Amino acid sequence: MSRFYRIYKIHGLLRNARQPVPMRVFVEELESSRNTITRDFEYLRDSLGAPIEYCRNANGHRYAPGAPVFELPGFWMNPAELYALLACEQLLENVQPGLITNRLAPLRSKIRYLLGESGHDAEAISERIRIQPIQARTTAHHTFDPSAEATLSGKCLTFGYQARSGGAAKERLVHPQRLLHYRSNWYLLAWCDQAEDLRLFSLDRMTHTEVSKRTSKPCPAAQLDAFANSGFGIFGGQSTSTAHLRFSEHAAQWVAEEQWHIDQQGQWQADGYHLRVPYSDERELVMEVLRFGPDVEVLGPESLRAEVAERIRKMNSIYW
């Protein structure tokens, strides 16, 4: 066991003890000799200022009762906690490359140094934790950075927006409310001055993004939640219908454990697994239903069933 971990363990034993801790406990817990532990006591006392004292009556060590509460100075964490921090950094970097690289570089170096001191391999994180950004759309830094800055600083944002539905690009002035990361892609939830309503903008469709000096007006959290969470998928708005889907036993092995929406209702019945999901825009829901092929049937509403049936007919005309 490295000194790094022993110091952490000794501190934990002394801090949580209600009475002096006998030397045999340290020997057993740290799997080290009395001489090694005694040197660790001296290091804690002389180098880190720990108020360790020996209590002759109880034949054990403790933190002096009258001393101020002692904590390990600086950035002192055990290897598991350091690994967790490095893992979080790895996850964030994969979600948006460059998002925190420069800002966290000094911290990352210190974490790696501490792990090296404790005899652990920091490089294992990058090799053993991977994110596969399937179907991710690239968001350029000159779009993401000002969008994040405006959202966090409470400033308005101007940009050109080319909707996927077609038409010419339009200039927008918006009041950013939230950045959403959904299915490997970034979206900006904002109040749009032109539409005079909340809108959701895909960052990969934005151009010449610029933070305005104008202060943005915040929207109530309940209003944002209602827009973003009322219906299934990324398309916002108050839910207007509820999809009734029946899954085969095979597909239900996965679907029954998934959350499609916070207000969904699922139930096993004699003919399969029934799932009811509220939605406001059927586009993404149709694609999700088609993903399951013959293992799902839309029982209602009729408009959703008809749309799925029409998509299947068009697919059939391609292959037959």
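For region 39-56, the candidate set comprises residues that are small (G, A, S) and within 16 Å of F4 (Cβ to Cβ); within that set, the residue that is surrounded by the most Cβ atoms within 10 Å (Cβ to Cβ) is A50. Within region 156-213, if we keep just the residues that are out of contact with any Phe, Trp or Tyr (no Cβ under 7 Å at 6 or more places or on another chain) and among the aromatic types (F, W, Y), the residue that is nearest to A226 (Cα to Cα) turns out to be W191. Pairs linking a residue in region 15-31 that is under 19 Å from L72 (Cα atoms) to a residue that is part of a helix (DSSP H, G or I) and hydrophobic (A, V, I, L, M, F, W, C), with Cβ atoms under 6 Å and 6 or more positions apart or on different chains, are V21/L13; F26/I37. Selection of region 175-208 for residues being more than 17 Å from R137 (Cα to Cα), buried (at least 20 other Cβ atoms within 10 Å of the Cβ) and in contact (Cβ under 8 Å) with a residue 40 or more places away in the chain yields H175, P176, Q177, L189. Can you tell me which of D121, D145 is in a helix (DSSP H, G or I), surrounded by fewer than 18 Cβ atoms within 10 Å (Cβ to Cβ), modelled with pLDDT under 90 and not small (G, A, S)? The conditions single out D145.
Could you check, for region 237-254, whether at least one of its residues is over 20 Å from D145 (Cα atoms), modelled with pLDDT under 90 and surrounded by 15 or more Cβ atoms within 10 Å (Cβ to Cβ)? Yes, there is a match, as at least one residue in region 237-254 is over 20 Å from D145 (Cα atoms), modelled with pLDDT under 90 and surrounded by 15 or more Cβ atoms within 10 Å (Cβ to Cβ). When residues in region 256-298 are screened for being touching a residue at least 40 places away in the same chain (Cβ under 8 Å), over 23 Å from L200 (Cβ atoms) and surrounded by 14 or more Cβ atoms within 10 Å (Cβ to Cβ), 5 of them pass.
Summed over region 217-231, the residues that are out of contact with any Pro (no Cβ under 6 Å at 6 or more places or on another chain) and either under 18 Å from A169 (Cα atoms) or in contact (Cβ under 8 Å) with a residue 24 or more places away in the chain (or both) give a count of 9.
Looking only at region 163-174, how many residues end up being among the small types (G, A, S) and surrounded by 12 or more Cβ atoms within 10 Å (Cβ to Cβ)? Looking only at that region, the number is 2.
The values are calculated or read from the model by the stated rules, or taken from the named source; none is laboratory data. Every value quoted in this text rests on a predicted model; they were computed, and no experiment measured them. Note: ideal-geometry Cβ built from the backbone for every residue, glycine included; neighbour counts use all protein chains shown.
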